[in-house]
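Here's the structure we're looking at; comments come further down.
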Amino acid sequence: MTKLAIFDLDNTLLAGDSDHAWGEYLCHAELVDADAHRRRNDAFYQQYKQGVLDMNEYCEFAIAPVAGLPAARLAELHALFMRQFIEPMLQDSAQKLINEHKAAGDICLIVTATNRFITAPIAERLGITHLIATDLAQVAGVLTGKIDGKPCFQAGKIGKLESWLRKQEDPSLSMQNAVFYSDSFNDIPLLEAVGEAVAVDPDDKLRQHASDRGWRIISLRSG
C-alpha cells in the first residue's frame, strides 16, 4: 500500500518562511518602498503567527508589485529570489527526510498556504513533484494579484487535499494512510485528519497540542 508523505513548507522543510522572505526580497530588489512594505509584511506575518491572517488580503499585497509582469520577467525575478533568499533556507536534514520517504516508495506532497508562484520552484528544487498551494488568478497567463478559489490555509488545506486525492488513480492514497509534517498550530486541522501527525520544530501552541495528543515531535534544525 502506497503511503502519502505530506509536508508543510515554511519553517518545516525550510528554515524560514518563503512568503515573508518574498516581501524582504521585494524590498532588497527595490521593487517597493522598502520601509512601508516591510512594515506591512511584518504585520501580516504576525497575523499569520496569531492565526488570524486574511489570506486574500495578504496575497493581494504580496503579488501586487509584480502583478501584470510578463512570465519571462517573473521567472527572472524568482530565480534571483531563489538564489538570494531560499537557498540559504534549505536544510540537509529536510532533504534527507524527503529522500527517505521516496526510497520507501512513498508519494511526497507539499501542502502549503504560500501561493503557487512562490512555491512551485521551491518544490521542484526539493525534488517534490506534487504541490498543493494557494492558487493565484491569471488572465492570459499574467498574474492579477487575486486568489483563484479558496486559500490553502488552516482547515482549507483539508478541502484542497481531499480534492487532490479524488483525482489520484491509486486508491491506497488517503488521509488515513498519510503522515503530515508541520511546524504550525495553523495546521492542527490537517494534522488531526491524517493517520500520523508529526510536529517539526513546532511553535509553542503546536508543541503543547502535540504533547497532549502524543504526537511525535522532531527537529530538522538540529539534524
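The values are calculated or read from the model by the stated rules, or taken from the named source; none is laboratory data. Just so we're clear, the structure is a prediction, and the values are computed from it rather than from any experiment. Here the Cβ is made from the backbone with ideal geometry for all residues, glycine too, and neighbour counts use every protein chain on show. What goes into the accessible areas is simple: the full protein's heavy atoms, side chains included, and nothing from ligands, DNA or RNA. Shrake-Rupley method; radii C 1.70, N 1.55, O 1.52, S 1.80 Å.
Numbers at a glance
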| read-out | value |
| --- | --- |
| Filter pass, Lys3 being open to solvent by 40 Å² or more (accessible area, probe 1.4 Å) and closer than 30 Å to Ala104 by Cα | yes |
| Test: residue in segment 24-46 that is closer than 19 Å to Ala123 by Cα and either modelled with pLDDT of 95 or more or not hydrophobic (A, V, I, L, M, F, W, C) (or both) | yes |
| Any hit, segment 132-139, residues being under 14 Å from Leu13 (Cβ atoms) and among the acidic types (Asp, Glu) | no |
| Members of segment 21-35 that are open to solvent by 40 Å² or more (accessible area, probe 1.4 Å) and either in contact with a Pro (Cβ under 7 Å, 6 or more places away or on another chain) or part of a helix (DSSP H, G or I) (or both) | Glu24, His28, Leu31, Asp35 |
| Residues of segment 192-202 satisfying the condition of being buried (at least 17 other Cβ atoms within 10 Å of the Cβ) and either touching a Gly at 6+ places or on another chain (Cβ under 8 Å) or not in a strand (DSSP E or B) (or both) | Ala193, Val194, Asp201, Pro202 |
| Filtered residue count, segment 176-191, keeping only those that are open to solvent by 20 Å² or more (accessible area, probe 1.4 Å) and in contact with a helix residue (DSSP H, G or I) (Cβ under 8 Å, 6 or more places away or on another chain) | 3 |
| Any hit, segment 54-74, residues being at positive phi, modelled with pLDDT under 95 and in a strand (DSSP E or B) | no |
| Criterion violated by Gly141 - all others in (1) modelled with pLDDT of 95 or more; (2) in contact with a Pro (Cβ under 9 Å, 6 or more places away or on another chain) satisfied | (1) |
| Selected residue [over 28 Å from Arg40 (Cβ atoms), free of Cβ contacts under 8 Å to residues at least 12 places away in the same chain and not small (Gly, Ala, Ser)] from Glu76, Glu124 | Glu124 |
| Some residue of segment 130-148 being surrounded by 17 or more Cβ atoms within 10 Å (Cβ to Cβ), touching a residue at least 24 places away in the same chain (Cβ under 8 Å) and outside any strand (DSSP E or B) | no |
| One residue from Ile217, Ile158 being farther than 30 Å from Ala72 by Cβ and surrounded by 17 or more Cβ atoms within 10 Å (Cβ to Cβ) | Ile158 |
